[in-house]
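What follows is a set of notes on a single structure, which appears directly below.
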Amino acid sequence: MLIRNIKKLVAVETHPQTKLSGADMATLSCIDDAFLLIKDGQIADFGKMKNAPYDNLPTIDATGRMVFPSFCDAHTHLVYAESREIEYMDKIRGLSYEEIARRGGGILNSVKRLHDTDEEELYRQASARAKEIITLGTGAVEIKSGYGLCLEDELKILRVIRRLKENTPLTIRATFLGAHAVPEKYTGRRTDYVDSIINEMLPPIAAEELSDYVDVFCEHGFFTVEDTERILMAALKYGFGVKVHANQLARSGGIQTGVKYGAISVDHLDFTGDEEIACLRNTDTMPVLLPGSNFFLSVPYPPARAMIDAGLPVALASNYNPGSSPSGDMRFILSLACIQMRMTPEEAIHAATLNGAYAAGLSDTHGSIARGKIANIFITKPIPTLEFIPYAFTAPLVDTVILNGKIV
Ligand code: NIG
């Protein structure tokens, strides 16, 4: 397939990088008046229109339109049962995340609903969300379990994720998040629940190869640094990659713990100071920011500007979940990153594509327009500038989606 007359081909790489950090995030390499050639599901070639091949290929004329690499959304919880608008009403009335959780809402509310939903129905609901994010320009996504909190229900979620991998054109990475909250049955016995994650859940999940990563919500009222270390050590022994939910509600020590155990990402990071920034510098751990939750919970945003100015890489993800971010729209995430966290459009696009791919362990094959990478792209409607993408924040600008080289 040949895409011709592309107004701007965005995020091209001739020497592909696995991630971009600090000042390098601000320079987005683009080709004006470009072509893109796709063969066997991969990006075969690209360049200036004057050098386009004259093959007798199926052709798309992209006059006035731009071509972007698909978004890589590296943090979602999109396999959940039903929505939670009641809590939305509580939030509007002024209740905080912690207050809602204490009243039996929050994660444990979704745990009950998921327990009462059979695998088929859970798959149906999750698959509708997967289809929705495809139309919004996402081509790769990380999906976490964590609304099960017992072996049977965690397996139910991970099997649904596996079915999504098999039946959708999305590239999917699965993450086991048994340590998302302490289930009711273990109230006052958190350490016993950590034992159960390590001894009862990890072995069958590893045996069935149901997960790529293991994650822990390292936060006051959820799991301590010590719990996190125990779970990460066990996960590493089984060969899983590791991730940490860190510093969403306070400075938890989660960032330092993630770095210590070689986490591919530490996520949320609303409470990040100089100490955490220094700890992340020159490591292989990607800071993943989730501004959809800051918007929805109406809480301060993480210090993206300070992080990038200090030389760190930053990734952006949607955190699609029923409690703190019921949306998987990565373009809205770009808009929030720019206007609320003062990232430039170029930085935000890198954060939502290449750096997102890194945080999902996919940057060798996804996240930019590079020869040999999977042909996951979207073609916009006619737009005047690159900046128009985050600027026109509700306009439906994703026109044609191509995943694995095929129009979806
Ligand atoms: O708060 N940080 C952990 N978990 C998610 C899910 C919240 C929920 O279901 O209420 C979040 O961002």
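Tabulated data
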read-out	value
Charge tally in the Cβ shell below 12 Å around residue 369, where Lys, Arg are +1 and Asp, Glu are -1, residue 369 excluded	+1
D_trans [Stokes-Einstein, Kirkwood Rh over alpha-carbon pairs] for region 264-407, 4 °C, 1.567 mPa s, µm² s⁻¹	82
Computed FRET value (nearest 0.05) for residue 339 with residue 39, which takes r as the C-beta separation and R₀ as 45 Å	0.70
Bins of 5 Å from zero: percent of alpha-carbon pairs in region 1-103	2, 9, 15, 14, 11, 8, 7, 8, 8, 8, 5, 2, 1, 0
Projected-area average for region 368-408 over all orientations - Cα convex hull basis, square nanometres	3.4
Region 93-202 - Rg (one decimal) and Dmax (whole number), Cα, Å	15.3, 44
Cross-link reach list, lysines versus residue 48, counting only Cα pairs under 29 Å and skipping chain neighbours closer than eight places	7, 8, 19, 39, 373, 381, 406
Ratio of the Cα radius of gyration of region 166-216 to 2.2 N^0.38 Å, where N counts its residues	1.35
Estimated [θ] at 222 nm from DSSP helical runs (n ≥ 4, -39500 (n - 2.57)) normalised by residues in the chain, nearest 500	-9500 deg cm²/dmol
Modelled FRET efficiency - R0 51 Å, residue 63 with residue 162, Cβ distances, 0.05 increments	0.80
Within-14-Å neighbourhood charge of residue 167 [Cβ basis; K, R +1; D, E -1]	+4
For residue 149, net neighbour charge (Lys/Arg +1, Asp/Glu -1) across residues whose Cβ lies under 15 Å away	-3
Euclidean distance of C-alpha centroids, region 126-141 and region 259-302, integer Å	24
For region 119-266, projected area of the alpha-carbon convex hull averaged over all directions, nm²	8.8
Alpha carbon centroid spacing (whole Å) that separates region 190-223 from region 316-392	30
Dimensionless Rg/Rh of the chain - Kirkwood Rh, Rg from C-alpha atoms	0.97
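Bear in mind that the values in this text are calculations on the coordinates, not laboratory data. Quick caveat, the model's predicted, so the values are computed rather than measured. FYI the Cβ positions are ideal-geometry reconstructions off the backbone, even for glycines, and counts take in every protein chain you see.
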